[in-house]
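Written below as structure tokens is the structure these notes are about.
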Amino acid sequence: MGIHFSGEYAVHHGDCITHMATLPDACMDFSVFSPPFPALYSYTSSPADIGNSENLKHEAKLHLSFFYKQIARLIKPGRAMVVHVMQIPRMKRSGEAGLFDFRGLNIKLGERAGLVYEYDWLVRKNPQAQAIRTKSRELQFSGLESDRSKQRGTLGDYLIKFRAPGDNATPINSPDQVSRNAWIDWAECCWMDIRETDTLNVSEGRGVDDVKHICPLQLSVIDRLVRLYSNPGELVFSPFTGIGSEGYVSVKLGRRFYGCELKDEYYAAAIKNLERAQGERSAASDALLFAGGAA
Ligand SMILES: C[S@@+](CC[C@H](N)C(=O)[O-])C[C@H]1O[C@@H](n2cnc3c(N)ncnc32)[C@H](O)[C@@H]1O
């Protein structure tokens with residue numbers, strides 16, 4: 001456990017909740033992350049791994065409420081934070097049915113910690129791919145033809161936008177980050193054009209005894225959010241770094257990155273991906289320099 005610093009990034013290897021308590025107030029310009037989805041994916045056997053919390057109403061809620069209290073303190077006044085979540089199917093093995101409103105829980109805990117809930121985008125998911133991957137009876141043709149009472153559509157991803165209270169001291173207005181044409185597309189309430197496979201390579205971070213695997217955030221989603229909510233040179237934070245997707249995009253876009261990751265294999269994969277981002281970024285700057293421009 002410890003912190004790995006290199007060039008434009010630093011990653012803490014360990015529990016983010018206790019680590020965040022050691023960081024100063026208002027030190028982050030922007031944060032984007034996917035919290036562990038409790039009861040759905042467990043990443044490690046550590047009790048600090050929120051993915052191990054089977055009890056969504058109590059244990060997971062408690063972990064996340066400590067988490068939100070800390071992160072609300074770290075975001076600079078007036079700056080944004082985007083949380084990527086999905087609704088969680090309740091487990092049949094514990095005799096439950098329907099969905100757990102994980103989106104609602106995150107909004108409630110964020111507001112309780114003092115953040116302002118401003119918006120959420122929906123990211124489209126492919127129905128066929130989800131039906132095959134999750135084997136959800138609610139999506140299958142068999143349910144459609146036998147009894148439609150339980151049929152429902154695909155579960156999309158939500159990008160919940162919060163803002164820290166107070167005035168933003170440094171406007172986010174650096175040119176060449178978001179064109180008017182891009183904004184016409186990005187202002188849509190549902191992002192239909194995100195390719196689900198546009199992610200970093202998952203297999204690099206797989207542990208020997210993993211039964212479930214990480215669900216990395218799409219690079220194109222991160223690219224939009226980092227361009228929208230930070231200026232070049234600013235510090236982007238992902239407390240649940242995983243294999244480093246948020247960091248990879250941030251560094252490639254000329255931002256600095258700070259992360260935390262509990263699981264050894266993901267931590268190692270994140271460092272590898274962040275080093276690659278730094279290499280690709282400096283190769284791109286060199287190429288521009290030779291072409292007579294600036295990065
Ligand atoms: C949904 S994944 C994040 C994936 C990441 N967005 C990516 O694209 O690679 C959640 C991550 O949180 C990590 N995690 C769970 N509990 C944690 C904790 N208390 N502190 C730090 N990391 C934790 C898990 O090991 C997992 O890698």
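Restricting the search to segment 107-124, which residues are out of contact with any strand residue (DSSP E or B) (no Cβ under 7 Å at 6 or more places or on another chain) and surrounded by 13 or more Cβ atoms within 10 Å (Cβ to Cβ)?
First, the residues of segment 107-124 that are out of contact with any strand residue (DSSP E or B) (no Cβ under 7 Å at 6 or more places or on another chain): 108-109, 112-114.
Of everything in segment 107-124, those that are out of contact with any strand residue (DSSP E or B) (no Cβ under 7 Å at 6 or more places or on another chain) and surrounded by 13 or more Cβ atoms within 10 Å (Cβ to Cβ) turn out to be 108, 109, 113, 114.
Is it the case that segment 275-290 has a residue that's under 30 Å from residue 21 (Cβ atoms), within 12 Å of the ligand (Cβ to nearest atom) and either part of a helix (DSSP H, G or I) or out of contact with any His (no Cβ under 7 Å at 6 or more places or on another chain) (or both)? No, every residue in segment 275-290 fails to be under 30 Å from residue 21 (Cβ atoms), within 12 Å of the ligand (Cβ to nearest atom) and either part of a helix (DSSP H, G or I) or out of contact with any His (no Cβ under 7 Å at 6 or more places or on another chain) (or both). If you go through segment 215-224 and keep only what is within 12 Å of the ligand (Cβ to nearest atom) and either modelled with pLDDT of 95 or more or buried (at least 23 other Cβ atoms within 10 Å of the Cβ) (or both), you end up with 216, 217, 218, 219, 221, 222.
Residues being within 16 Å of the ligand (Cβ to nearest atom), charged (D, E, K, R) and not in a strand (DSSP E or B) are represented in segment 241-252 by at least one member. Cβ-Cβ distances below 7 Å connect the following pairs, each with a first residue in segment 95-119 that is of a type in the set (Asp, Glu), a second residue that is outside any helix (DSSP H, G or I), and a separation of six or more residues or different chains: 96/90; 101/87; 111/117; 118/161; 118/162; 118/163. Scanning segment 38-60 for residues that are near the ligand (Cβ under 8 Å from one of its atoms) and at pLDDT 85 or above yields no hits at all. Note on segment 87-106: residues that are surrounded by fewer than 19 Cβ atoms within 10 Å (Cβ to Cβ) and farther than 22 Å from residue 164 by Cα amount to 13.
Of all residues in segment 184-205, those satisfying the criterion of being within 11 Å of the ligand (Cβ to nearest atom) and either among the hydrophobic types (A, V, I, L, M, F, W, C) or assigned to a strand (DSSP E or B) (or both) are 200, 202. Looking only at segment 161-181, count every residue that is surrounded by 10 or more Cβ atoms within 10 Å (Cβ to Cβ) and without any contact (Cβ under 8 Å) to a residue 12 or more places away in the chain and tell me the total. The total comes to 1.
What's the number of the only condition in (1) over 20 Å from residue 168 (Cα atoms); (2) in contact with a Ser or Thr (Cβ under 7 Å, 6 or more places away or on another chain); (3) outside any strand (DSSP E or B) that residue 260 fails to meet? So the condition that residue 260 fails would be (3). Evaluate segment 197-210: report whether one residue or more is modelled with pLDDT of 95 or more and of a type in the set (Gly, Ala, Ser). Scanning segment 197-210 turns up no residue that is modelled with pLDDT of 95 or more and of a type in the set (Gly, Ala, Ser). Of all residues in segment 245-265, those satisfying the criterion of being of a type outside the set (D, E, K, R) and in contact with a Phe, Trp or Tyr (Cβ under 8 Å, 6 or more places away or on another chain) are 247, 250, 251, 257, 258, 259, 260, 262.
The values are calculated or read from the model by the stated rules, or taken from the named source; none is laboratory data. Fair warning: this is a prediction, and the values are worked out from it, not measured in the lab. FYI the Cβ positions are ideal-geometry reconstructions off the backbone, even for glycines, and counts take in every protein chain you see.
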